[in-house]
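See structure below.
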Amino acid sequence: MNLLQRRQFLSQMTTGLTGVALSRLMADPPKHQPHFPPKAKQVLQIFCPGAASHVDLWDHKPMLEKYHGTPLPGATEVTFQGKNGNLMKSPWAFQPAGQSGKRISSMLPHIARHADDMAFIHSMTSRTNTHGPGCVNMNSCFTRDGFPSAGSWVSYGLGSLNDNLPTYISIQDLRGEPPNGKANWSNGFLSAEHQGISMAAQQTLRNLARPSSIPPATEKATRDFLHLINSQHADARAENDELRARMAAYELAAKMQLTAPEVSDLSHEPKHIQDLYGTNDSNKLKAAYAKNCLLARRFLEQGVRYVSLYCASRASAVDGLLNWDAHKTLKADYERHCPIFDQPTAALLTDLKQRGMLNDVLVVWCTEFGRMPTHQEGTSGRDHNPDAFTTWMMGAGVKGGVSYGETDEFGRRAAVDITTVYDFYATVLHLLGLDHEKLTYYHNGANRRLTDVHGHVLQNILA
């Protein structure tokens with residue numbers, strides 16, 4: 001063997017071994033380790049965009065009933081989307097639920113059955129009163145686009161539980177994406193592999209099936225050859241994380257050809273499960289959301305690490321038509337939205353519990369901010385309220401049947417144990433075994449965190 005042949009052999013051997021290593025890396029990604037033993041392994045986030053009203057759903061305020069139609073005592077004029085009028089009681093009664101006696105709106109009878117498993121956080125506050133930045137803030141802890149969402153941080157921190165499906169999936173409502181769209185599940189400055197993959201029962205992944213004109217052997221040979229030249233290309237550009245992330249995405253897509261169609265095929269679910277969720281309901285919006293709820297359970301069963309499930313979409317020209325933004329006609333709007341949300345969501349919680357999945361799955365319910373205890377002047381709706389709203393958690397590691405924090409007697413402001421989105425996600429990460437102060441990523445000269453430089457774990461809601 002002459003000198004030139006030896007050089008070629010050594011060069012090709014190096015490239016080949018690197019390719020084998022890269023192939024192994026993609027076929028079996030290394031699992032990340034939590035900072036301490038986790039209580040939860042997965043997260044289901046249920047999000048109702050449009051600022052679902054705390055004083056009409058979760059936060060019972062008898063003083064609103066007593067002083068209905070009178071001015072809010074001591075109030076200075078606050079205008080977000082319009083001038084506010086007098087105090088307005090909820091159009092619906094609040095009824096005690098479960099052994100805890102937690103009062104929940106009579107518009108949510110199915111969800112109320114889970115009250116003893118829920119930990120309500122009544123003192124949430126937001127940094128913005130605008131829907132787009134509010135939704136992004138509730139997903140990323142920042143009001144500006146360009147920062148990683150919580151699901152992306154969890155993907156980065158813990159990796160995948162199933163190499164044949166995305167680590168992070170965002171399930172969109174039939175009515176469309178939430179305010180600010182894809183920024184809600186963005187990977188921000190994290191590598192592209194941590195971005196949420198948008199899916200829904202009504203919009204399955206496209207282009208997964210192999211064309212019938214291409215034999216399986218041909219497809220495999222093509223894929224192997226592509227992997228070889230991609231590996232050589234990546235090896236010459238080892239510093240390019242985006243390139244490797246894109247290659248990993250293609251590898252994942254190939255694996256998903258086998259897995260995703262089976263997981264997203266709801267026809268295999270028995271009739272009693274379909275009836276439980278309401279997938280065949282005459283209300284098409286409810287049936288569509290019910291199918292998405294069932295799809296969420298199937299993804300969680302397969303080990304998807306973080307699933308975001310949206311109920312409603314971005315705002316429309318008619319307030320409250322497409323989401324929970326009830327400026328003008330709260331009663332009519334919520335009598336449209338609550339039946340869509342109630343049964344399917346409760347069925348998902350019931351199904352997870354019956355299957356024992358809540359031992360590993362943390363469920364969180366979110367909206368971007370609350371609503372005013374007064375009516376918006378000239379309407380029978382409520383304006384935005386960033387100073388008080390409710391979220392809740394249940395499942396792995398959460399103490400059920402408790403409430404944390406309080407708003408004032410009218411629900412205008414958080415008054416006791418005031419809570420931020422930083423505290424909320426510090427608690428989520430803690431339950432996943434991650435220290436929110438240690439989960440960092442160096443970007444633009446700073447060690448960035450999901451919780452920025454804030455946040456405390458809400459110890460009182462932990463089991």
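The values are calculated or read from the model by the stated rules, or taken from the named source; none is laboratory data. Because the structure is predicted, anything quoted here is derived from the model rather than measured. Virtual Cβ from ideal backbone geometry, glycine too; neighbours counted across all protein chains shown.
One table, with the values for the structure above:
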| item | result |
| --- | --- |
| Positions within the stretch 308-350 being out of contact with any Gly (no Cβ under 8 Å at 6 or more places or on another chain), in a loop (DSSP other than H, G, I, E, B) and within 26 Å of S140 (Cβ to Cβ), in sequence order | C311, S316 |
| Total residues in the stretch 76-104, condition touching a helix residue (DSSP H, G or I) at 6+ places or on another chain (Cβ under 9 Å), over 13 Å from E65 (Cβ atoms) and buried (at least 19 other Cβ atoms within 10 Å of the Cβ) | 3 |
| Search result, residues across the stretch 103-117 that are in a strand (DSSP E or B) and either under 17 Å from the mean Cα position of the chain (by Cα) or not aliphatic (A, V, I, L, M) (or both) | R103, S105 |
| Flag if R298 is assigned by TED's automatic domain parsing to the domain that holds G132, under 23 Å from G151 (Cβ atoms) and free of Cβ contacts under 8 Å to residues at least 40 places away in the same chain | yes |
| Filter pass, S308 being surrounded by 18 or more Cβ atoms within 10 Å (Cβ to Cβ) and touching a Leu at 6+ places or on another chain (Cβ under 9 Å) | yes |
| Failed condition for G134, given (1) surrounded by 20 or more Cβ atoms within 10 Å (Cβ to Cβ); (2) out of contact with any Phe, Trp or Tyr (no Cβ under 7 Å at 6 or more places or on another chain) | (2) |
| Criterion: assigned to a strand (DSSP E or B) and not aromatic (F, W, Y) - qualifying residue of T390, T427 | T390 |
| Some residue of the stretch 196-215 being surrounded by 13 or more Cβ atoms within 10 Å (Cβ to Cβ), of a type in the set (G, A, S) and part of a loop (DSSP other than H, G, I, E, B) | yes |
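Yes or no, residue by residue, for (1) part of a loop (DSSP other than H, G, I, E, B); (2) small (G, A, S); (3) touching a Cys at 6+ places or on another chain (Cβ under 9 Å); (4) within 28 Å of I461 (Cα to Cα):
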{"site": "L72", "(1), (2), (3), (4)": "yes, no, no, no"}
{"site": "T76", "(1), (2), (3), (4)": "yes, no, no, no"}
{"site": "S90", "(1), (2), (3), (4)": "yes, yes, no, yes"}
{"site": "M138", "(1), (2), (3), (4)": "no, no, yes, yes"}
{"site": "G146", "(1), (2), (3), (4)": "yes, yes, no, no"}
{"site": "G157", "(1), (2), (3), (4)": "no, yes, no, yes"}
{"site": "I169", "(1), (2), (3), (4)": "no, no, no, yes"}
